[in-house]
Amino acid sequence: MTNPRATAEPGIPVEPVHPASGAYYGWWIVLAAFLNLFFVVGILFYGFPVFYPYFVESLQFTRAQLTQGFLLGFLFAGLPFGILAGALIDRIGARTVILVGVGLVSASLILMSMMSRFWQFELLCIVEVVGYVFAGPIANQVLIARWFERRRGQAMGYAYLGLGLGGVVAPLLVNYLARSLGWRHALELIGVTILLVLVPTGLWITRSKPADRGITPEHFGEAPRAGQAPVPGAEALGVAQAVRAVPFWLILLGSALAIGAIGAVIQHFILFLKDSGYSATAASRTMSILLTASLGGRVIVGHMADHFRKSYIMAIFYFLIGASVFLLAYPQSTPAVWTFALVFGFSMGADYMLIPLVVSENFGTAALGKILALIIMGYSLGQWAGPWLVGRLFDLRHSYDFAWRLVAVLAVLGAGAIYAIPASALRRRRAP
């Protein structure tokens, strides 16, 4: 067996091999990923829309402009920096990449508290996107995949609870801070808190792979399940092979469409509810209900994914995402809004954590950082093009009705793309 000390992350002292009878350090990695996703994705992605009404009122931004900054960020910085992040993760490890990203996210929020012009907002959104790319889903998904094999779905589900809990807390917390301190001080406080929590986490807890602590995961039960061992050499599937494969493009297309729907709803939901007569507090509370429902999706589906074909599970939840959006045609109906919040939220919770599982199921983990970077940057364009498109349609029509119908249809088409992933691709990665 290869000595794990020989492949430790550069600059990280290798610690003695832990006995198999002790607790597996991988669960500390899950905690670190939980915190990263809580702040960088949960608080930022789900809490930031609460600032939009303040930007409209104080800075006179249009609804298309509110999401244009992040769209431009992913168009011009997301893809190149995503590829860079994937290459750096595979070369020097996720730990350093995450720490750089945390610094960029924190700095962008602190500086955003001082902005007065739209160009400043756009520039800081681009910086924030680069930080998100480095410290968000790509690095943390690879981190979990490198530490877990047999319980990868379970570990990913627990880590992604951070994203869900951050989302549950974010709308009410940001609403409270903005009302109590003003939106500028609220942004400043969130930026400083991210820095103070995540930098120590990265320095003291995060390790990019088991070799950095001299651990052999197989000694802790992290070998593949019986009958599901990868074909010898399959783990070496590289980026060039992956991008020539049909499953890669189906995953990219399906996730871009479904996550575009998620992004559109999350970024416009509070504005939509306020237009429909809800108060800011009631709208934030409804958003928190939706995000609370996502917690169940993250844990339950994480366990399911360890036992069933992951692409089929993913297709089912993409379909539910699209179908539930049709309920937004009835914002005055409390049962319709609650049903939407519960179904959409649960399905959304399953979504993000299934992507790395489906990717690793089809392509292995040797080049997972680079492959995930391409897929995540691709669907991130959908994640921000969707909100921008919905904003443009609202500005033209002064209504969300047509936009929601379009979003629902596109998400259902995304489900079809995932369902179409050929089973033969999966069989080629399994032992006979």
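Rank these by accessible area, largest first, 1.4 Å probe: 203, 328.
Reading off the accessible areas and sorting them downward yields 203, 328.
Across segment 381-396, in residue order, what do the Karplus-derived ³J(HN,Hα) couplings come to in whole Hz, using 6.51 cos²θ - 1.76 cosθ + 1.60 with θ = phi - 60° and x for Gly and Pro?
4, x, 4, 10, 5, x, x, 5, 4, 4, x, 5, 5, 5, 4, 7
222 nm [θ] for the chain, helices only, -39500 (n - 2.57) per DSSP H run of 4+, per residue, to 500?
Helix-only estimate at 222 nm: -24000 deg cm²/dmol.
May I ask you to give the percent of accessible area on the chain that is carbon plus sulfur, with a probe radius of 1.4 Å?
In the chain, the share of accessible area belonging to carbon and sulfur is 68 percent.
Hey, could you get me the Stokes-Einstein D for segment 88-146, Kirkwood radius over alpha-carbon pairs, 4 °C and 1.567 mPa s, rounded to whole µm² s⁻¹?
Calculated translational D: 108 µm²/s.
What is the Cα coordinate range of segment 279-432 on the first, second and third principal axes, sorted by size from largest, in whole angstrom?
The Cα atoms of segment 279-432 stretch 57, 31, 24 Å along their principal axes.
Give the angle, between 0 and 90 degrees and rounded to the nearest 10, that separates the Cα long axis of helix 246-275 from the longest principal axis of the Cα atoms of the chain.
Between helix and principal axis, roughly 30 degrees.
Quick one: what are the phi-derived ³J(HN,Hα) couplings along segment 53-65, Karplus 6.51/-1.76/1.60 with θ = phi - 60°, whole Hz, x for glycine and proline?
Computed from phi, the couplings for segment 53-65 are x, 5, 5, 5, 6, 7, 10, 6, 6, 7, 5, 5, 5 Hz.
Between residue 216 and residue 399, how many nm apart are label points set 7 Å from Cα along the C-beta direction?
Each label point lies 7 Å from its Cα, and together they span 6.7 nm.
Expressed in nm to one decimal, what extension gain is obtained for the pair residue 339 and residue 180 from 0.36 nm per residue of sequence separation less their Cα-Cα distance?
Net length gain for the segment: 54.1 nm.
Could you tell me the center-to-center distance, by alpha carbons, between segment 267-308 and segment 104-135 in angstrom?
25 Å
At 1.4 Å probe radius, can you tell me the per residue accessible area of the chain in Å²?
So the chain comes to 38 Å² accessible per residue, rounded to a whole number.
Near residue 370, which lysines are there with a Cα under 26 Å away, not counting those fewer than 8 places off in the same chain?
Filter leaves 209, 310.
For the chain, what ratio Rg/Rh do Cα atoms give with a Kirkwood hydrodynamic radius?
0.96
Using a ≥ b ≥ c from the Cα gyration tensor of segment 116-176 (square roots of the eigenvalues), is it rounded, prolate or oblate, where a/c under 1.5 gives rounded and otherwise the larger of a/b and b/c decides, a/b for prolate?
In terms of gyration-tensor shape, oblate.
What is the set of long-range amide H partners of residue 150 at a cut-off below 5 Å, with H atoms built 1.01 Å from backbone N?
Distant-sequence amide H within range of residue 150: 223.
What residues have an amide H closer than 5 Å to that of residue 216, excluding those fewer than 5 places away on the same chain, when H is modeled at 1.01 Å from N in the peptide plane?
HN-HN under 5 Å from residue 216: 18.
Per-residue accessible area for residue 219 at 1.4 Å probe radius, Å² rounded to 10?
Accessible area, nearest 10 Å²: 100 Å².
Would you be so kind as to identify which of 68, 115, 29 lies farthest towards the positive end of the dipole of the chain, taking Lys and Arg as +1 and Asp and Glu as -1 on Cβ and the Cα centre as origin?
Value: 29.
Which of rounded, prolate, oblate describes segment 237-338, given a ≥ b ≥ c as roots of the alpha-carbon gyration tensor eigenvalues and a/c under 1.5 marking rounded, otherwise prolate only if a/b is larger than b/c?
prolate
Residue by residue, what Karplus-based ³J(HN,Hα) values in Hz, rounded to whole numbers, does segment 167-174 have, using 6.51, -1.76 and 1.60 with θ = phi - 60° and x for Gly and Pro?
Karplus-based 3J(HN,Hα) across segment 167-174 equals x, 5, 6, 4, x, 5, 5, 5 Hz.
With +1 on each Lys and Arg Cβ and -1 on each Asp and Glu Cβ, how big is the dipole of segment 327-428 about its Cα centre, in debye rounded to the nearest 20?
240 debye
Dividing the convex hull volume of the Cα atoms of segment 17-99 by its residue count, what figure in Å³ per residue is obtained?
Considering the Cα atoms of segment 17-99, their hull volume per residue is 115 Å³.
Quote the Stokes-Einstein diffusion coefficient, in whole µm² s⁻¹, for segment 239-288, based on the Kirkwood radius over alpha carbon pairs, a temperature of 37 °C and a viscosity of 0.692 mPa s.
The estimated diffusion coefficient comes to 251 µm²/s.
Could you sort 90, 401 by accessible area so the largest value comes first, with the probe set to 1.4 Å?
401, 90
Any chance you could give the angle, 0 to 90 degrees and rounded to 10, that helix 401-419 forms with the longest Cα principal axis of the chain?
Around 10 degrees separate the two axes.
How much FRET efficiency would the formula 1/(1 + (r/R0)^6) give for residue 413 and residue 199, where r is the Cβ-Cβ distance and R0 is 45 Å, rounded to 0.05?
Efficiency at R0 = 45 Å is approximately 0.60.
Could you tell me the accessible area of residue 338 in Å² (1.4 Å probe, neighbours in place), rounded to the nearest ten?
For residue 338, solvent-accessible area is about 130 Å².
Extent of segment 76-194 along each principal axis, from alpha carbon coordinates, in Å, largest to smallest?
47, 30, 19
The values are calculated or read from the model by the stated rules, or taken from the named source; none is laboratory data. Keep in mind that this is a model prediction, so the values were computed, not measured. Using ideal geometry, Cβ is built from the backbone for each residue, glycine included, and neighbour counts are taken over all protein chains shown. Keep in mind that these areas ignore ligands, DNA and RNA; they rest on the heavy atoms of the full protein, side chains included. Shrake-Rupley method; radii C 1.70, N 1.55, O 1.52, S 1.80 Å.
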